[in-house]
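Everything below concerns the one structure shown next.
The values are calculated or read from the model by the stated rules, or taken from the named source; none is laboratory data. As the structure is a computational prediction, the values presented were derived from the model and not from experiment. Reconstructed Cβ throughout: ideal geometry from the backbone, glycine too, with neighbour counts over all protein chains shown. Just the protein is used for accessible areas: all its heavy atoms, side chains included, with ligands, DNA and RNA removed. Shrake-Rupley method; radii C 1.70, N 1.55, O 1.52, S 1.80 Å.
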Amino acid sequence: MTFDTILRGGRVIDPSQKLDAVTDVAFAGGKVVAVGNDLKAGPATDVREVSGYIVSPGLIDLHIHVYWGGTSIGIDAEEFCRTSGVTTAVDTGSAGPGNFAGFRKHVIEPSQVRILAYLHVSHAGIFGFSQRVMVGESEEMRLMNPLDAVTVAEANRDLIVGIKVRVGLHASGASGIAPLDIALQVAEQVGMPLMAHIDHPPPSYEEVLARLRPGDVLTHSFRPFPNTAVTAQGTVKRAVLEARERGVIFDIGHGKGSFAFKTARAMLANGFYPDTISSDVHTLCIDGPAFDQVTTMSKFLCMGMPLPDVIAASTVNAAMAMRRPELGSLKPGSVGDATIIAIKEGPFDYVDVVGEHLIGDRKIASEGVVIAGRWWHPQENSKFKVLAG
């Protein structure tokens, strides 16, 4: 077989295969086709010497907002992904059934980066958030649009991986938990998982968890008090443990207000790792405290979460949450995406959403990506380029 691209001699960490070894990865026809030693290059093969670096499956950011120009919180997906090592950006509810067509045509389809989406049950998604205007879309029940949400989700199954809803004091206000109940009906009707946002009570953390089904995602799950996952004594709440036992997925969704070191330390100390690590980057937190996906991953690495688990939470676990097993893996036949990572030594200053700082000794940095079997932006990172053969 003639390979399009070979990543030569990196430390390949692929939790989907329980693989951690120095070896080569080869791509052809937009897919991973081989993992092994001394893979033979052809005259046209793009060979990248990545020894000393880590090769992981293409990173998945399971919670991000990239409806650039269509909402006030949307960032440019390609610009973000080039620096953050992300090959699949999962937009979580920026668009609803009333404006998903524009999101698809003007942002998703032209993008070189894969963009998937959770469709908001609210008609126009998250439309009322900026530095000056902050209106919780779920507070206005007249905007709940379950009928059209079903229609749009059914018509866009190639891109829509689930249904999104936001509840909490800031997101749903006086409507409380009612929008969650409507979104669950939509998710059930179309046979997709739900992702639920939670902020300040009401409703409570426990009330939201009680409604979630196996495979549903609770994002902002390591948020600060109030509506935190841990007790005042530093133990994990019983409702949290019971929800994980029945298959609820716990996602980070860092964002502007939804991740605290205090909560994370308690959760990790109790052996409760997040299922998925995501940045929830949007215009209000891209310059801090979230910054990007690799910074969010770095925080967990510095708090003691093993590197393979951090990578799993940003690759195979996210793929399974979306029911997209072809992603998040370097198994032959998988989508041909990979991220080249360096682990830099500190000190590095990290900050959470309440202003607490953590001086970490390591930082995960993205050094390059392969998308659809090709080195993305080949004019960059020429230090990895070697002659074929």
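Things to note:
- Put R238, R8 in order of accessible area, highest first, and with a 1.4 Å probe you get R238, R8.
- Stokes-Einstein diffusion for the range 11-125, with the hydrodynamic radius set to the Kirkwood value over Cα pairs and evaluated at 20 °C in a medium of 1.002 mPa s, equals 132 µm²/s.
- Amide hydrogen neighbours beyond the local backbone of V12, cut-off 5 Å, H modeled: A21, V22, T23, V55
- Loop-located GluC sites (Glu not before Pro) in the range 187-229 (DSSP state other than H, G, I, E, B) with a sparse environment of at most 15 neighbouring Cβ atoms within 10 Å are absent.
- DSSP-defined antiparallel bridges as percent of all bridges, the chain, nearest 5: 55 percent
- Overall, the chain carries a charge dipole of about 400 debye about its Cα centre when +1 sits on the Cβ of Lys and Arg and -1 on the Cβ of Asp and Glu, all other atoms neutral.
- Taking every C-alpha pair closer than 8 Å and separated by at least 6 residues, the mean separation divided by the residue count of the chain gives a relative contact order of 21 percent.
- ³J(HN,Hα), Karplus 6.51/-1.76/1.60, whole Hz, each residue of the range 134-146, x for Gly, Pro: 9, 10, x, 4, 7, 6, 8, 5, 5, 8, 5, 9, x
- Dipole check for the range 249-389: with +1 at the C-beta of Lys and Arg, -1 at the C-beta of Asp and Glu, and the Cα centre as origin, the magnitude is about 300 Debye.
- In loop segments of the range 60-153 as defined by DSSP, the trypsin sites (Lys or Arg not before Pro) with at most 14 further C-beta atoms inside 10 Å of their C-beta are R132.
- The stretch between T231 and D20 holds 72.3 nm of extra length on full extension. This uses 0.36 nm per residue minus the Cα-Cα distance.
- Near R114, the amide H atoms lying under 5 Å from its own belong to A89; only residues 5 or more places off or on other chains count, and H is placed 1.01 Å from N.
- For the range 71-175, fraction of C-alpha pairs farther apart than 23 Å, in %: 27 percent
- In order along the range 195-200, the Karplus-derived 3J(HN,Hα) couplings, from 6.51 cos²θ - 1.76 cosθ + 1.60 at θ = phi - 60°, round to 10, 10, 7, 9, 10, 5 Hz, and Gly and Pro are given as x.
- In the range 154-211, the trypsin sites (Lys or Arg not before Pro) that fall in loop regions by DSSP, at most 14 other Cβ within 10 Å: R157
- With K and R counted +1 and D and E -1, the other residues having a Cβ less than 12 Å from that of H254 yield a net charge of -2.
- Over all Cα atoms in the range 253-367, the spread is summed up by Rg and Dmax: 14.2, 44 Å.
- Reachable aspartates and glutamates, given that their alpha-carbon falls under 18 Å from the alpha-carbon of K331 and they are not under 8 places away in the same chain: D4, D14, D20, D24, D38, D309
- Among P308, M267, H254 the positive-end extreme of the charge dipole of the range 248-333 (Cβ point charges): M267
- Relative to its residue count, the range 244-315 spans a Cα convex hull of 89 Å³ per residue.
- Too-long pairs where the Cα-Cα distance tops 31 Å, listed order kept, from K40/K299; K18/K256; K31/K237; K105/K256; K164/K344: K40/K299; K18/K256; K31/K237; K164/K344
- Convex hull (Cα only) mean projected area of the chain, reported in nm² to one decimal: 17.8 nm²
- Residues of the chain: accessible area per residue with a 1.4 Å probe, Å²: 38 Å²
- Karplus-derived 3J(HN,Hα) values for the range 364-369, using 6.51 cos²θ - 1.76 cosθ + 1.60 with θ = phi - 60°, are 7, 10, 7, 10, x, 9 Hz; glycine and proline are entered as x.
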